[in-house]
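Have a look at the structure below, then the notes.
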Amino acid sequence: MARVDILDEKTIKITVGLEDAVSMVREASLGIGEYASEIVTIYEKMPEFHYTYFCFYAYDSARLFERMLGVDPKMYTSFSLDAPDSFFYSLYGGMAGLYEEAKRRETK
C-alpha cells in the first residue's frame, strides 16, 4: 500500500511499490472508459522517461495515481516519489495491455 509521509504543511513524501502499480492497473481495467485518456497518455509518454519514471501531473494523467494514494498531492506545494523500477515497469506493462481498448474509447 502506498505510504504518504507528511514532512511539513507544504511537503509530502510518497513511497510506492509494485503492488501499487498493480492496483492502478486493476483500477484502470475496471474503468477503461473513464480512464482511457490516462491509459493512452501513460502508455505513449512513458518511453520518454525510459520506463523508470513518469510525471503524472505534466500530462494531466494523475487520477489513477491519486486514487491509489487516497490523498491529493496538489494540496501540497512539494512532493517526492520514491518508487522502485518494478513499479514503473509494471505500470507500463499494464497500460500496454489496456492501450488498444482505451485508444478506441478515447476517440469516441
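The values are calculated or read from the model by the stated rules, or taken from the named source; none is laboratory data. The model shown is predicted, which means the values in this text are computed figures rather than measured ones. Side chains are part of the model used for accessible areas, which takes the heavy atoms of the whole protein and leaves out ligands, DNA and RNA. Shrake-Rupley method; radii C 1.70, N 1.55, O 1.52, S 1.80 Å.
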Dimensionless Rg/Rh of the chain, both radii on Cα and Rh by Kirkwood, sits at 0.97
Subtracting the Cα-Cα distance of residue 78 and residue 55 from 0.36 nm times their residue separation yields 6.9 nm
Phi angles of segment 46-55, converted by Karplus (6.51 cos²θ - 1.76 cosθ + 1.60, θ = phi - 60°) into ³J(HN,Hα) in whole Hz with x for Gly and Pro, give 4, x, 4, 9, 6, 6, 10, 6, 7, 9
Cross-link reach from residue 10 to aspartates and glutamates, straight Cα distance under 14 Å and at least 8 residues apart if same chain, gives 72
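With the cut-off at 13 Å, report for segment 62-101 the share of all Cα pairs above it, as a whole percent. Provide the component values of the computation, followed by the final result.
Working: 516 of 780 pairs.
That tail contains 66 percent of the Cα-Cα pairs.
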With all protein chains present, segment 12-76 has a carbon and sulfur share of its accessible area (1.4 Å probe) in percent of 51 percent
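Mean separation of Cα pairs under 8 Å and 6+ residues apart, divided by the residue count of the chain: what relative contact order is that in percent?
Working: 147 pairs, mean separation 46.7, N = 108.
Averaging sequence separation for qualifying contacts and normalising by length gives 43 percent for the chain.
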accessible surface per residue for segment 1-67, probe 1.4 Å, DNA/RNA/ligands not counted, whole Å² -> 54 Å²
